[in-house]
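Contents: one structure, followed by commentary.
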Ligand SMILES: Nc1ncnc2c1ncn2[C@@H]1O[C@H](COP(=O)(O)OS(=O)(=O)O)[C@@H](OP(=O)(O)O)[C@H]1O
């Protein structure tokens, strides 16, 4: 049909060879465009506060809430670049998208920033009994005034048997977050992905530097007085890693048994092992296993073998696994010393030695 259309309208009937060439050229152009669209949208599995915004989604968003809603329900892109409105990729997820109800989350990944929170959410959401918001709602820190109906509206539809999840890493260090979450439900399950606080701080700084190249050096920001070893605990990149202090605040509202700690280091070396424990904690059947992961040598991280019913990308985006800024060994040693007593108290409290020292 297309060939006939072109031959009858565009090219004079006498020139058969050039008509055929024109038709082939049109086909090639369309195919190139299709490939480009696929590549353009295949940059990252996921977006978050720390990630670059999803380019396809930005094209389709206007007002803030609408954008968040679209982003949260649109994680992958269709080949044309239009958002694919699936919150989850599983068949059960697709069913729930039509028939379920929006519910407040049963489980929240509350921290920590740069701990590996995106990896945990993306890995757990391949479970058919889990559905999650793609982006960070920041409800319990920045958007609390919008109310629970607004928050619920961001959630994907779920069947009764499914768990609703979100992740916002800044909750862990937000003073009001534990009280607010417990007022939503005292049964909310909390997941905290923790990582060596020194590496975490460097990761945090590397991310900020990528957005604001003019900031002072890590060393200048980290110390009030370096020769005296006086660390600046008012700098967020340092403060976030004092895990025990933040945890004490959570423990005023939630029992320890309701908080699960994921090792950010083990998440990279043994993602299946960490995910097995997350599934146990959430009361889920162990469906996400080592069969779902492979180690991507180029990326240097575990990636998903195949997001179900999609052939789209399998590794996290470029903002995950950045090359860190080089920091003097002496600075690293001083920070290790600084964190040691906090780490030890944290290990004692949670009953697990994360071996950061
Ligand atoms: N599978 C896989 N792929 C890529 N990256 C992985 C993975 N597992 C854990 N990580 C580590 O996650 C770190 C980013 O943490 P978050 O996702 O919590 O960051 S953020 O707070 O949402 O910005 C990120 O930190 P950096 O390496 O410093 O970039 C990663 O080390």
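The values are calculated or read from the model by the stated rules, or taken from the named source; none is laboratory data. Just so it is clear, the structure is predicted and the values come from calculations on it, not from any experiment. All Cβ positions, glycine included, derive from the backbone under ideal geometry; neighbour counts span all protein chains shown.
When region 202-214 is limited to residues that are under 25 Å from the mean Cα position of the chain (by Cα) and free of Cβ contacts under 8 Å to residues at least 12 places away in the same chain, the one that is farthest from the ligand (Cβ to nearest atom) turns out to be 213.
Of everything in region 320-353 that is crowded, with 18+ Cβ neighbours inside 10 Å and out of contact with any strand residue (DSSP E or B) (no Cβ under 6 Å at 6 or more places or on another chain), the residue that is nearest to residue 210 (Cα to Cα) is 320. When the helices (runs of 4 or more DSSP H) confined to region 127-232 are screened for residues that are surrounded by fewer than 16 Cβ atoms within 10 Å (Cβ to Cβ) and touching a strand residue (DSSP E or B) at 6+ places or on another chain (Cβ under 9 Å), those reaching at least 1 such residues are found at 147-154.
Of the residues in region 235-251, at least one is surrounded by 15 or more Cβ atoms within 10 Å (Cβ to Cβ), under 19 Å from residue 323 (Cα atoms) and modelled with pLDDT of 95 or more. Scanning region 296-308 for residues that are surrounded by fewer than 15 Cβ atoms within 10 Å (Cβ to Cβ), closer than 22 Å to residue 199 by Cβ and in contact with a helix residue (DSSP H, G or I) (Cβ under 9 Å, 6 or more places away or on another chain) returns a single hit, 300. Taken as a whole, the condition of being under 20 Å from the mean Cα position of the chain (by Cα), closer than 19 Å to residue 342 by Cα and within 10 Å of the ligand (Cβ to nearest atom) does not apply to residue 274.
If the condition is being in a strand (DSSP E or B) and either surrounded by fewer than 19 Cβ atoms within 10 Å (Cβ to Cβ) or on the phi > 0 side of the Ramachandran plot (or both), then region 260-288 contributes no residue at all.
Of everything in region 186-201 that is touching a helix residue (DSSP H, G or I) at 6+ places or on another chain (Cβ under 6 Å) and under 17 Å from residue 326 (Cβ atoms), the residue that is farthest from the ligand (Cβ to nearest atom) is 198. For beta carbons closer than 6 Å, sequence separation of 6+ or different chains, a first residue in region 264-277 that is farther than 14 Å from residue 114 by Cα and a second that is more than 11 Å from the ligand (Cβ to nearest atom) and part of a helix (DSSP H, G or I), the qualifying pairs are 272/290.
Applying a threshold of 6 Å to beta carbon distances and a minimum spacing of six or more residues, or different chains, the list of pairs starting in region 321-336 at a residue that is within 17 Å of residue 197 (Cβ to Cβ) and in a helix (DSSP H, G or I) and ending at one that is at pLDDT 95 or above and away from the ligand (no atom under 16 Å from the Cβ) reads 331/219.
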